[in-house]
1. Do you know the relative contact order of the range 451-557, to the nearest whole percent, from alpha carbon pairs under 8 angstrom that are 6+ apart?
2. Once phi is turned into θ = phi - 60°, what whole-Hz ³J(HN,Hα) does the Karplus curve with 6.51, -1.76 and 1.60 give for every residue of the range 58-64, x standing for Gly and Pro?
3. If I stretch the segment between residue 107 and residue 139 completely, what's the gain in nm (0.36 nm per residue apart, minus their alpha carbon distance), one decimal?
4. What FRET efficiency would be calculated for the residue pair residue 16, residue 118, taking the C-beta separation as r and a Förster radius of 30 Å, to the nearest 0.05?
5. Quote the FRET efficiency, to the nearest 0.05, computed for residue 516 versus residue 432 with a Förster distance R0 of 22 Å and r equal to the Cβ-Cβ distance.
6. State, to one decimal in nm, how far the label point of residue 390 lies from the label point of residue 537, with both points 7 Å from Cα in the Cβ direction.
7. Between residue 32 and residue 411, what is the FRET efficiency for a Förster distance of 56 Å, r being their Cβ-Cβ separation, to the nearest 0.05?
8. Tell me, what is the percent relative contact order of the chain, built from C-alpha pairs under 8 Å that lie six or more residues apart?
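Please treat every number below as a calculation from the coordinates, not as lab data. Values in this document were obtained by computation on a predicted structure and should not be read as measured data. Here the Cβ positions follow ideal geometry from the backbone for every residue, glycine too, while neighbour counts run over all protein chains shown.
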Amino acid sequence: MQKFRVMTDCLERHNEQCPDKPAYIFLSEKLAPETQLTFAELRNQARQFAGRLLQTTQKGDRALLIFPAGLDFIVAFLGCLYAGVVAVPLCPPNKKRSQRTLQGIIDDCSPRLIITLKALSSALKDPEQQPSPLWLEMDHWPDAQPPDLTAPWPSVEAQDLAFIQYTSGSTSAPKGVMVTHANIVANQAMIRQAFGHDPDSTVVGWVPHYHDQGLIGNILQPLYVGATSVLMSPVTFMRWPLRWLQAISLYQARTSGGPNFAFGACVKALEREPDIELDLRSWQLAFNGAEPIRIETLQAFATAFQRFGFDSAAMYPCYGLAECTLQAAGGIKGTGVKTLNVDGPALREGKVVPSDSPFSQTLVSSGAALPGTHIAIVDPVSGGACAPRAIGEIWIAGAHVARGYWQRESLTAETFSNRLSDGIQPTYLRTADLGFIHQGELYVTGRIKDMVIIRGKNYYPQDIEHNVWSAHQGLEHSACAVFSLPDAEDKLIIVQEVRREWRKKMLADDVIPLIRQAVVVNNEITPYDIVLLMPGKLLKTSSGKIMRNAIRAQYMDKTLERWLG
């Protein structure tokens with residue numbers, strides 16, 4: 001396949017070779033095509049928009065992109081790439097916390113423009129904000145002069161900054177990951193090779209466009225290979241999870257995926273709609289790209305949807321993070337899931353002991369390092385490489401590793417410029433994730449900052465959380481946070497969300513003893529406090545990850561929305 005310098009080169013190539021092929025199709029809630037752009041239409045609209053950008057911006061200016069789900073965002077993002085403007089994709093704020101996050105990002109990156117739609121701008125503008133960025137309503141240009149597309153355009157180089165991906169942390173100031181054009185193209189090449197994509201590889205996606213998985217995986221990867229991307233709103237998926245699978249069936253997509261919780265949501269939805277009609281035989285690669293990946297979820301999904309033609313060999317666990325653009329590790333397409341049974345108590349001691357005893361725990365492999373990626377398991381204190389099957393911090397090197405954090409020089413040096421203690425090249429990204437490599441496969445076990453320490457012993461929070469929400473059918477799956485208090489490491493706190501349909505069917509006094517028993521039996525520790533939350537009130541990121549630090553802060557501030565039963 002031809003090598004591209006920047007992503008707009010891909011669009012120019014597809015405009016020449018297949019101008020009338022659909023590049024993007026956006027579906028309504030009922031899965032009817034709502035909007036559609038061919039490669040020619042996409043190229044023309046993106047260049048027109050870039051021309052308008054150049055009337056008010058210079059190369060390197062930042063522009064916040066605040067859009068609802070749809071194709072307008074894609075045109076704006078590509079327009080920024082053409083114009084050399086640094087795009088900053090953001091979630092449309094709808095709550096006070098989100099408004100504060102937006103202001104924090106404005107203060108951090110000093111954008112020249114905020115690009116949005118007219119319907120959003122009036123709600124987002126803050127008349128007291130000084131100085132205020134320029135607001136550009138993409139669908140409203142009353143006084144704009146037609147852009148001069150014959151004028152010289154900025155020279156966009158591969159090493160130039162393409163966009164800033166703000167991470168979803170909630171208890172600290174927002175951090176902007178600086179992703180270059182070269183980073184994007186390098187990771188796109190890795191993903192294409194790992195996923196086996198070609199121009200016929202239709203992709204279906206619902207993950208938000210401001211999330212790295214949605215942008216890099218569902219939007220830019222199809223553009224890179226010249227395939228069609230079929231997109232739907234994340235709200236549609238959250239309300240009706242099976243619409244995701246219906247879209248795969250309708251468009252006979254080869255590739256689609258999401259975080260682990262999405263597969264579990266489909267299993268539960270199928271229990272409510274057992275007579276749905278689906279044809280999933282075309283689905284060759286079902287990527288699962290968020291930790292933790294649970295074997296129970298994968299097995300339940302494969303079993304539930306086998307009758308619709310889903311092949312369990314299509315399951316594709318993988319691993320990545322925004323700091324390396326998107327993906328760093330993945331399996332071999334079509335080989336299914338690899339697992340390893342290990343001794344649970346030994347795992348808490350940082351040791352990997354293969355075991356099939358009653359105390360064993362099944363871990364899911366996230367695959368091997370993608371071509372062009374180096375992964376090392378490192379002692380986070382000494383900086384030395386760990387012995388085989390020893391748990392350490394995951395370090396990553398490769399052309400897809402981002403430049404650093406926007407205007408955070410010391411944090412950038414600390415995170416992105418690391419070498420092993422033996423001094424051997426290359427420089428590595430510290431991920432703050434824990435894991436080990438066994439027979440070339442990466443197994444992710446948790447995050448350093450989330451580790452729970454009780455009486456000197458380490459516990460992975462996701463393991464305790466699984467015990468909690470499995471204790472009673474009225475507890476929401478994957479909606480639990482466990483942590484210890486900063487000044488009391490021996491006090492385990494559990495915060496668990498109640499399922500909506502059960503909140504009037506059970507009593508807290510009946511459920512809490514079951515939770516306590518499950519934790520004691522499986523982990524040999526007694527919870528200090530157990531809090532049950534109202535449905536939908538547990539804080540999560542846009543990819544479904546539990547925001548444990550933010551929930552700890554809510555607990556300490558006494559602002560959790562409790563369910564009292």
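1. Computed value for the range 451-557: 26 percent relative contact order.
2. 10, 4, x, 4, 8, 9, 6
3. Details: separation 32, 0.36 × 32 = 11.52 nm, distance 2.60 nm.
Length gained, residue 107 through residue 139: 8.9 nm.
4. Numbers: r = 34 Å, r/R0 = 1.13.
Calculated value: 0.30.
5. Numbers: r = 31 Å, r/R0 = 1.40.
After rounding, the FRET efficiency stands at 0.10.
6. About 4.5 nm separates the two model spin labels.
7. On the way: r = 46 Å, r/R0 = 0.82.
The computed FRET efficiency comes out at 0.75.
8. Working: 1148 pairs, mean separation 55.4, N = 565.
Relative contact order here is 10 percent.
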